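Data block below; observations after.
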Protein chains: 4
Amino acid sequence: MEQSKRRQQIVEVAIHTIAELGYAQASVGQIVKRASVSKGVFTYHFASKDELMEQIVHEVFDAGARFMSPRVEGQTTPGGMLKAYIESNLEFMGGHRDYIVALTEVVTNARTADGKLRFGGAADDLILEPLIEILRWGQEAGEFKPFTERSARVTAAAIRSAIDGIASQLLVNPGLDLSGYAAELADLFLSAVHRPSHPADSSAEGGEQS
Amino acid sequence: MEQSKRRQQIVEVAIHTIAELGYAQASVGQIVKRASVSKGVFTYHFASKDELMEQIVHEVFDAGARFMSPRVEGQTTPGGMLKAYIESNLEFMGGHRDYIVALTEVVTNARTADGKLRFGGAADDLILEPLIEILRWGQEAGEFKPFTERSARVTAAAIRSAIDGIASQLLVNPGLDLSGYAAELADLFLSAVHRPSHPADSSAEGGEQS
Amino acid sequence: MEQSKRRQQIVEVAIHTIAELGYAQASVGQIVKRASVSKGVFTYHFASKDELMEQIVHEVFDAGARFMSPRVEGQTTPGGMLKAYIESNLEFMGGHRDYIVALTEVVTNARTADGKLRFGGAADDLILEPLIEILRWGQEAGEFKPFTERSARVTAAAIRSAIDGIASQLLVNPGLDLSGYAAELADLFLSAVHRPSHPADSSAEGGEQS
Amino acid sequence: MEQSKRRQQIVEVAIHTIAELGYAQASVGQIVKRASVSKGVFTYHFASKDELMEQIVHEVFDAGARFMSPRVEGQTTPGGMLKAYIESNLEFMGGHRDYIVALTEVVTNARTADGKLRFGGAADDLILEPLIEILRWGQEAGEFKPFTERSARVTAAAIRSAIDGIASQLLVNPGLDLSGYAAELADLFLSAVHRPSHPADSSAEGGEQS
DNA sequence: AATGAATGAGTATTCATTCAT
DNA sequence: AATGAATGAATACTCATTCAT
């Protein structure tokens, strides 16, 4: 574990600062002021602001995975897993609003010296992978419709985008009814991916036909 | 028409600069350098950087509406219109990548003095409205499944998010096969909203009755 | 007469602009905007901003002289003339508040390239001269106390400063009761300069001894 | 004591810069150049240029009070105190020419965002108060003539203006014989305020009764 | 006579980073 | 480990002046 307490504290404060002020206003000066430490303490623990940003992205992803994994992996059907993925993701968002807002800010704003997005893309495939695997499983189990390579990717991306879109809405409307929204969204995409012809598929939980 | 040639030129250059370097690096200095004009020429034509940003948002929305309107409004069925909405939107994105990227950058970054997003939220409802109307029309025509107030909004938001999500992907992967992607996405959401004409498809409503 | 109507109009607008916004904010841009003319029209009529400032100083001094001369020169006693000088000066200030404020702003702010006050000092001796002459006349007439070269100059400067001090007060407190103030000030300085030994001189009006 | 050495140094340099170049030319850039420090060092120690200006005003008033207080408060007669006030004030001006010039520049030029003088007026009454008290004391002691509310204020203002007027003259003529000037000015105003009927009052020193 | 677009040096302020203590 | 003073390049914006039309 490379994380000292100080590092962890600064990451935490930075996340809330970015969530509140936005990426551009969240200067190192602001962050250390809110953490009640000196500027030097920042430079001592982080080689640069970029390293802090990397740490933030890392931390938020980790926290998300820690929250979702048990909820998603406990599922026994593809439909149940897709539903659990969407709902636990939105539940995590609801309980960690600042984490999500900060992540969005960092990922869409942090840039390298030559102007490219620092956290651009690299993560995208990694993020879609679990969703694609759920879709493949559902297809093999006969619960979901058949996917081509591309349609699986498009579907996974649409689900991710719909979830991420809520991060933006949360920013504007913090009182959003997330659990209702989550159920609605799960239904929508289950309708979209279910195999159309099998009567047995009628329940959202995706009953396995014998 | 209040737009002088110079204003229009600066807006154009600014859009490409923002698309390439991101909002934060797209300083007035960068923009005028790329436009090969002096700093003063900017201040002469725009009261402030904020005014330029407003102009950019305005310009991109207008250009999008000009492109999509004839394609969408020519449709005679709800399904055709939803498909035309998705496809013409993505086609516009493909032909105006920088416009879309710049719009996204401006909308997610431009802030007022008190730290609030300058173009935040206000637009959201306006943007969803046309989609919701298509869904309503489809419902009334018997082509789409029935929607509650909330499910219509969630569905519209999911469609919008899926489309907007492509802006981000375009940023990272400019070679994206947009027309294939568009057809796939249209199919996905048509599956999701169509009335389950097959009795066996009853799952679309997803309602668990007690 | 070198003054075109345009020049005169611009000088007038500039005086009011400076009075309202202060020297530093009274840019050429502001002035031409308020005059509803283009920037070019300014450059056509004035070689530079400095020339405008000179014209303003000239104009205000002239207007002051035109107002005060008949009132001061009609006097037949030194005391009457000193009183008339003070009172007509303050009366002019009251009726031309913007002129006085603008003059003060220009004289205390306009600088040459090397940082020296553009209208500094040169005028000072010229301004004190008439006052010194009144004092000399009063001394010769036996109405005022005797003055040395220096005491005459110090007294004249004190009177001028007291009058000018009111310009500053007018700036802050436009509702100042100038005529009351003027009478009070005249009394004060008549007390100060009157020959001390003549009991009859004790009245503020500067009684003529028989 | 909140003043660091650097703050004090910058205030000092700023005073001399303003005295030499005037308020408008005394940019932060000029000041830090003359102080041989970087621009950043200024912002580190002062939140804004305005804060520096406030500090300058504070510093000059304080220095003046430190110098004058012992000289004025040691006096035992109203006349002696008025004389000490005028003379110690001018003596301070002579020894701190730049302080006085800078104060005048700042007070007459520094403005708030809405165009009002930043240090306008508010101070005026405070400054006149000590003088008015001296006049009142002299009246009660029978040494000065009777004053109305207004005549006391007008007299105090005239004295202040005469003193301040010398700041302007010092600007133009640094070699001014201040101590001679001061004695002359004290005599002038003692003549103006003394009770006219008491022959014993004729000396400028304000004869102490045996 | 007049226009208004253009210039470029100037302004205060922000900020990530360095470094002696 | 920690401090906080210092740096200097970057930011948006102002403005007197020039000049082609």
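The values are calculated or read from the model by the stated rules, or taken from the named source; none is laboratory data. What you are looking at is a predicted structure, and each value in this text was computed from that prediction instead of being measured. Glycine gets a Cβ as well: all are built from the backbone with ideal geometry, and neighbour counts include every protein chain shown. Heavy atoms of the whole protein, side chains included, go into the accessibility calculation; ligands, DNA and RNA do not. Shrake-Rupley method; radii C 1.70, N 1.55, O 1.52, S 1.80 Å.
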| Using a 7 Å Cα-to-Cβ projection, D:Glu133 label spacings across copies, nm, ascending | 4.5, 7.6, 8.4
| said: Given a 1.4 Å probe and heavy atoms of the protein chains only, how would you sort A:His96, D:His194, largest accessible area at the top? | reply: A:His96, D:His194
| said: Suppose R0 equals 35 Å. What FRET efficiency, 1/(1 + (r/R0)^6) with r the Cβ-Cβ distance, do A:Gln8 and A:Ala113 give to the nearest 0.05? | reply: 0.80
| task | Please give the residues of region D:162-196, grouped as numeric ranges, whose backbone N is less than 15 Å from a label point set 7 Å along the Cα-to-Cβ vector of C:Asp124. | result | D:162-182
| task | Enumerate by residue number the trypsin sites (Lys or Arg not before Pro) in region C:104-139 meeting two conditions: DSSP loop (anything except H, G, I, E, B), and at most 16 other Cβ atoms within 10 Å of the site's Cβ. | result | C:Lys116, C:Arg118
| remark: Computed over region C:57-202, protein heavy atoms only, probe 1.4 angstrom, the accessible area per residue in square angstrom equals 42
| What figure in square angstrom, to the nearest 10, would you give for the accessible area of B:Trp137 with a 1.4 Å probe? | 90
| note | Spelling it out for C:Arg111: with amide H atoms placed in the peptide plane at 1.01 Å from N, the residues 5 or more places away or on another chain with amide H under 5 Å from its amide H are C:Arg118
| What quantity of accessible surface, computed with a 1.4 Å probe and excluding non-protein components, is buried in total between chains D and C, in Å² to the nearest 100? | 2800
| query | Mind checking which lysines have their C-alpha under 30 Å from A:Lys145, skipping anything on the same chain fewer than 8 residues away? | reply | A:Lys83, B:Lys83, B:Lys145
| query | Chain A: which residue's Cβ hugs the A-to-D rotation axis most tightly, distance rounded to whole Å? | reply | A:Gly40, 3
| Cα Rg, Dmax (largest Cα-Cα span) when computed across chain C, Å | 19.7, 66
| said: Quick check on the protein assembly as shown: helices-only [θ] at 222 nm, where DSSP H runs of length 4 and up contribute -39,500 (n - 2.57) each and the sum goes over total residues. Nearest 500, please. | reply: -23000 deg cm²/dmol
| query | Quick one: label points 7 angstrom along Cα→Cβ at D:Ser48, distances to the other copies in nm, smallest first? | reply | 1.5, 3.3, 3.4
| message | So the label point sits 7 Å from Cα along the Cα-to-Cβ vector; using that for A:Glu73, what distances do you get to the other copies, in nanometres, sorted shortest first? | response | 5.5, 7.9, 10.6
| message | How large is the accessible surface of D:Thr43 in square angstrom, using a 1.4 angstrom probe and rounding to the nearest 10? | response | 90
| said: Once ligands and nucleic acids are excluded and a 1.4 Å probe is used, how much of D:Asp164 is accessible, expressed in Å² to the nearest 10? | reply: 70
| query | Using θ = phi - 60° and the Karplus curve 6.51 cos²θ - 1.76 cosθ + 1.60, what whole-Hz ³J(HN,Hα) does each residue of region D:20-33 get, with Gly and Pro shown as x? | reply | 7, 9, x, 4, 5, 7, 7, 6, 4, x, 4, 5, 5, 5
| In region D:50-202, what percent of the accessible surface is made up of carbon and sulfur (1.4 Å probe, ligands and nucleic acids excluded)? | 54
| query | Once phi is turned into θ = phi - 60°, what whole-Hz ³J(HN,Hα) does the Karplus curve with 6.51, -1.76 and 1.60 give for every residue of region B:132-142, x standing for Gly and Pro? | reply | 4, 5, 4, 4, 4, 4, x, 5, 5, 6, x
| field | Gyration tensor (alpha-carbon) shape descriptor, region A:150-195, a/c threshold 1.5 | value | oblate
| message | List the lysines whose Cα sits under 21 Å from the Cα of B:Lys39, skipping any in the same chain fewer than 8 residues away. | response | B:Lys5, B:Lys49, C:Lys39
| task | Using amide H atoms built 1.01 Å from N in the peptide plane, name the residues 5+ places from B:Phe144, or on other chains, whose amide H lies under 5 Å from its own. | result | B:Gln139, B:Arg195
